[in-house]
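Below you'll find the structure, written out as structure tokens, and then a few comments.
The values are calculated or read from the model by the stated rules, or taken from the named source; none is laboratory data. These numbers come from a predicted model, not from an experiment. All Cβ positions, even for glycine, are placed from backbone atoms using ideal geometry, and neighbour counts span all protein chains on display. When the accessible area is computed, the model is the full protein with side chains, heavy atoms only, and any ligands, DNA or RNA have been set aside. Shrake-Rupley method; radii C 1.70, N 1.55, O 1.52, S 1.80 Å.
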Amino acid sequence: YGTMSLLFSIAVLREFTRLAVVTFLPIYLAMQGRSLIAGGITLTLFSLAGAVGGMLGGSLSDVWNRKGVIAVSGLICVPLLLGVFRTEGVVSLGLLALAAAALSGAHSVIIAFAQELVPGRAGTASSLVMGLGWGLAGLLLIAFGSLAETISVPRALDLAALVPLV
């Protein structure tokens, strides 16, 4: 139960960070005077890079190991995300794409790891990590929204970027 609980916690924290960025990045960009189209393009880039990262993470975990991919992706996404909010233009978009790939690179790995932990109940393991875990991450956005209103969206996004270190 300990390993599954840890894996569940990692899934919740990673998904929370991903959802915080997806939800509040357009607000952040609007605060900078950017258009809604720019926000849409930015989210499209984030989603596409995350999908590529998920495929790369899965492939790397088959060659390397699952724990290593989970750990490294969590560590490298933090400075990349923090860099997104401290740069502009193409540099910021490049860092955003790399951050999305790193952040989402462990999603498929976490699911596969959970299924390996409970081989006779792979569907249940997936449901726990994806359904319950990602749903709980979504619920955490309520408190995050309140935090963003209190301390500002940019500062809240900085905090969200640090969450994968936990």
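Table for the structure above
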{"item": "The stretch 5-28: number of residues that are open to solvent by 20 Å² or more (accessible area, probe 1.4 Å) and either over 20 Å from residue 140 (Cα atoms) or of a type in the set (D, E, K, R) (or both)", "result": "1"}
{"item": "Residue match in the stretch 64-71 (condition: touching a Gly at 6+ places or on another chain (Cβ under 9 Å), of a type outside the set (Phe, Trp, Tyr) and in contact (Cβ under 8 Å) with a residue 40 or more places away in the chain)", "result": "yes"}
{"item": "Subset of the stretch 123-153 [open to solvent by less than 50 Å² (accessible area, probe 1.4 Å), among the β-branched types (Val, Ile, Thr) and more than 17 Å from residue 11 (Cβ to Cβ)]", "result": "151, 153"}
{"item": "Qualifying position, being of a type in the set (Gly, Ala, Ser), in contact (Cβ under 8 Å) with a residue 12 or more places away in the chain and under 30 Å from residue 30 (Cβ atoms), among 125, 100, 114", "result": "100"}
